[in-house]
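Below you'll find the structure, written out as structure tokens, and then a few comments.
Just so you know, all these numbers are worked out from the coordinates, no wet-lab data involved. Keep in mind that this is a model prediction, so the values were computed, not measured. Backbone-built Cβ (ideal geometry, glycine too); neighbour counts: all protein chains shown.
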Amino acid sequence: MSSTTSLTGKHALVTGASAGIGAETTRALVRAGAHVVAAARRVERLEALAAELHDAAGGIEPVALDVRDETAVGTALSSRAFDIVVANAGLGRGVDKIQDGAPDEWREMLETNVLGVLHVIRHTTPAMIARGDGDFVLLGSVAGRQVYPGGNVYCSTKHAVRAIYEALRQDAAGSGLRFTTVDPGMVATEFSDVRFRGDHDQAKAVYDGMRPLLPSDVADAILYALTRPAHVNVGELVLWPTDQASTTSVRRR
């Protein structure tokens, strides 16, 4: 019977680690024994997370980082050797129709969700490929599989993430690396607060009458993929709340 892979002593990177799925993934990895470089713009939240996890099996190193800044990403990451990278940083902004959209918000999503992922790939995978071992996890979305009204540019960025995942599998074929995309449906995080520009009531209404996924559910799926035996690559995980049948079909009570 194949044994699972231990994360004890592994060196990991989680971007967007200050909240939501990134913070829960950091918790899961540290509790499993990994040393995690937790990267995000809000360093004070990372420091609070480090204080929370100070007695955990692994360790946490907070790093202030904006993945949109390629130079900063290179400075922070290119000299490090990671066993695990979780490219989680991302956001949605606005629900306007594309013909009414705000170009500055488009740019922010494209630079964070697409270029930010590429920057992290460029400055972490060469060392992993040279070593012939490692896991790279991309946080996708069901929005990268189905477009929905008001999603336009955000959905485009997540379709791009799925294409990047597929390209990585081909470009690094035979390298010994495992690539995984985790694509959740509705998750109760700060995502909707950001999307609705801080309107908490409007954000809360997104989940009215239904039970969304929790960040810990997604972190658990990531942990599952990372702990499979070395010869097993869980490539694609799609997570739906039971109440959500598609991006446009949600059962509400």
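Between the helical axis of 152-171 and the dominant principal axis of the chain, each derived from Cα atoms, what acute angle in degrees is found, rounded to the nearest 10?
For 152-171 against the chain, the angle is about 20 degrees.
Using C-alpha positions alone, give me the convex hull volume of region 142-226 per residue in cubic angstrom.
Normalising the Cα hull of region 142-226 by residue number yields 105 Å³.
Which order do LEU226, LEU13, LEU239, LEU213 fall in if you start with the one that has the fewest other Cβ atoms within 10 Å?
LEU239, LEU213, LEU226, LEU13
By per-residue mean of other Cβ atoms within 10 Å, what is the highest-first order of 112-119, 83-90, 246-253?
Top of the packing list down: 83-90, 112-119, 246-253.
If the only charges are +1 at each Lys and Arg Cβ and -1 at each Asp and Glu Cβ, what is the size of the charge dipole of region 11-250 around the Cα centre, to the nearest 20 debye?
Charge dipole, region 11-250, about its Cα centre: 460 debye, nearest 20.
Just from its helices, what would the mean residue ellipticity at 222 nm be for the chain, if runs of 4 or more DSSP H residues each count -39500 (n - 2.57) and the sum is divided by every residue, rounded to the nearest 500 deg cm²/dmol?
-11500 deg cm²/dmol
Under the classification rounded if a/c is under 1.5, otherwise prolate if a/b is larger than b/c and oblate if not, where does region 103-185 fall, given a ≥ b ≥ c as square roots of the Cα gyration tensor eigenvalues?
Prolate shape, in that a/c is at least 1.5 and a/b is the bigger ratio.
Report, in whole Å, the centroid distance computed from the Cα atoms of region 135-209 and region 219-242.
Computed from Cα coordinates, the inter-centre distance equals 15 Å.
Would you mind ranking TRP240, TRP106 so that the residue whose beta carbon has the fewest other beta carbons within 10 Å leads the list?
Final ranking by Cβ density, sparse to dense: TRP240, TRP106.
Over the chain, what per residue volume does the convex hull of the Cα atoms give, in whole Å³?
Hull volume normalised by residue count: 132 Å³.
Which order, highest average first, do 218-224, 34-40 follow once you tally other Cβ atoms within 10 Å for each residue and take the mean per peptide?
34-40, 218-224
What relative contact order, as a whole-number percentage, does region 11-250 give when Cα pairs under 8 Å and 6 or more residues apart are counted?
Reported as a whole number, the value is 19 percent.
Place a +1 charge on the Cβ of each Lys and Arg in region 1-145 and a -1 charge on the Cβ of each Asp and Glu, then give the dipole magnitude about the Cα centre in debye, rounded to the nearest 20.
300
Output the Kirkwood hydrodynamic radius of region 29-69, Cα pairs only, in Å rounded to one decimal.
Hydrodynamic radius (Kirkwood, Cα pairs) of region 29-69 is 10.3 Å.
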